[in-house]
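Asks: Quick one: the structure is below, and I'll ask about it shortly.
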Amino acid sequence: MTVSPTTPARPETLELGYSFCPNDTFIFHALHAGLVASPLPVREVLEDVQTLNDWALSGRLPITKISYRAYFGVMDRYVALRAGGALGRGVGPLIVTRGEVGDLSGKVVASPGALTTAELLLRLVYPDARLRRMRYDEVMPATARGEVDAGLIIHESRFTYPQYGLSRHLDLGAWWEADTGLPLPLGAILVRRDLPPRLQRDLNAAVHASLDYAYAHPQASAAYIREHALEMEDAVMQAHIDLYVNALSRDVGEEGERAVRELQRRAVAVGAAPTSDLPLFVGDPL
């Protein structure tokens, strides 16, 4: 059968990119393991979020986890699923320091990546901070050694920074919630816009089913989560899941949509993202 240039070809399998973090491995284990129905087989591609953000710039993966900040720059290629994302309250990145630092304007702050939502929030609060970018797991050691004035931490670092002798300078999630009254959008699951719309919707349903399976059968994914959690303590691993996987991970909902649109508006306002009139989520009207 000849495929029309306007009709995207349906692939035989899909590479699915997500991070090693417990919230992602918890959500996607059942889908990866074939425990729930999927419109196509998927093959896991595990990488840190900054790498996934960078890959999205070239459209490397057909379905991928990404920071919301990065999503706003690749909306011409991707659209977000309503399921599987990381949004919520009390989930925000933290700024930590070795001691009392005060105003961070002009100070050097370690950042986990230019395309992270965390760095966008930092820019909103401290537009004059000087950024030094590094992998997220290098931020706390660099801050503890005094190589930077402060560190911008994400993921499980929220639970472990006191072990490095660091203090909380500012909870950027709490700042966002106080300023907007909305939950904080951190990460989204994207599919390429060139995939057929029915396939996009079916993939959203598959991710939703994978999360439901994880909740219904928590022991099924335990070994998989542990395998990729490196040296993370069990209590930290569970706290990570409990914090970053919530009702908005099942469906972004109306409030979540408003939060994403507000983050997009602010990103555009500070020159961190281009304007776009494309639908934000799978199934949104044109």
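Asks: What accessible area per residue, rounded to a whole number of Å², is obtained for region 219-259 using a probe radius of 1.4 Å?
Replies: The answer is 53 Å² per residue.
Asks: How much length would be gained if the chain were fully extended between F159 and T180, taking 0.36 nm per residue of separation minus their Cα-Cα distance, in nm to one decimal?
Replies: 5.1 nm
Asks: If we count GluC sites (Glu not before Pro) as exposed when they sit in a DSSP loop and have at most 13 other beta carbons within 10 Å, what is the longest stretch of the chain that avoids them all?
Replies: In short, 101-230.
Asks: Using the beta-carbon distance between V125 and R258 and R0 = 25 Å, what value does 1/(1 + (r/R0)^6) give for FRET efficiency, to the nearest 0.05?
Replies: 0.75
Asks: What accessible area per residue, rounded to a whole number of Å², is obtained for region 6-141 using a probe radius of 1.4 Å?
Replies: Per residue, region 6-141 has 37 Å² of solvent-accessible surface.
Asks: In sequence order, what are the phi-derived ³J(HN,Hα) couplings for region 273-279 according to the Karplus relation 6.51 cos²θ - 1.76 cosθ + 1.60 with θ = phi - 60°, rounded to whole Hz, with x for glycine and proline?
Replies: Per residue, the Karplus-derived 3J(HN,Hα) values read 7, x, 6, 7, 9, 5, x Hz.
Asks: So what is the accessible area of region 148-195 per residue, in Å², with the probe set to 1.4 Å?
Replies: With all protein chains present, region 148-195 gives 35 Å² per residue.
Asks: Counting other Cβ atoms within 10 Å, keep those with at most 14, restrict to DSSP loop, and tell me which trypsin sites (Lys or Arg not before Pro) in region 90-173 are left.
Replies: R135, R145
Asks: With r as the distance between the Cβ atoms of A37 and L278 and R0 = 25 Å, compute the FRET efficiency 1/(1 + (r/R0)^6) and round to 0.05.
Replies: The calculated FRET efficiency here is 0.30.
Asks: Continuing with the same structure: Ignoring ligands, DNA and RNA, please state the percent of accessible area on region 42-174 from carbon and sulfur, probe 1.4 Å.
Replies: Ligands and nucleic acids excluded, carbon and sulfur reach 42 percent.
Asks: Run lengths n ≥ 4 of DSSP H only: what is the helix-derived mean residue ellipticity at 222 nm for the chain, with -39500 (n - 2.57) per run over all residues, to the nearest 500?
Replies: -11500 deg cm²/dmol
Asks: Let me know the volume per residue of the alpha-carbon convex hull for region 33-176, in Å³.
Replies: Hull volume over Cα atoms, normalised by residue count, gives 131 Å³.
Asks: Ok, one more. At V101 and A235, where each label point lies 7 Å from the Cα along Cα→Cβ, what is the point-to-point distance in nanometres?
Replies: The modelled label-to-label distance comes out at 2.7 nm.
The values are calculated or read from the model by the stated rules, or taken from the named source; none is laboratory data. These numbers were taken from a predicted model, which means no experiment stands behind them. All Cβ positions, even for glycine, are placed from backbone atoms using ideal geometry, and neighbour counts span all protein chains on display. Just the protein is used for accessible areas: all its heavy atoms, side chains included, with ligands, DNA and RNA removed. Shrake-Rupley method; radii C 1.70, N 1.55, O 1.52, S 1.80 Å.
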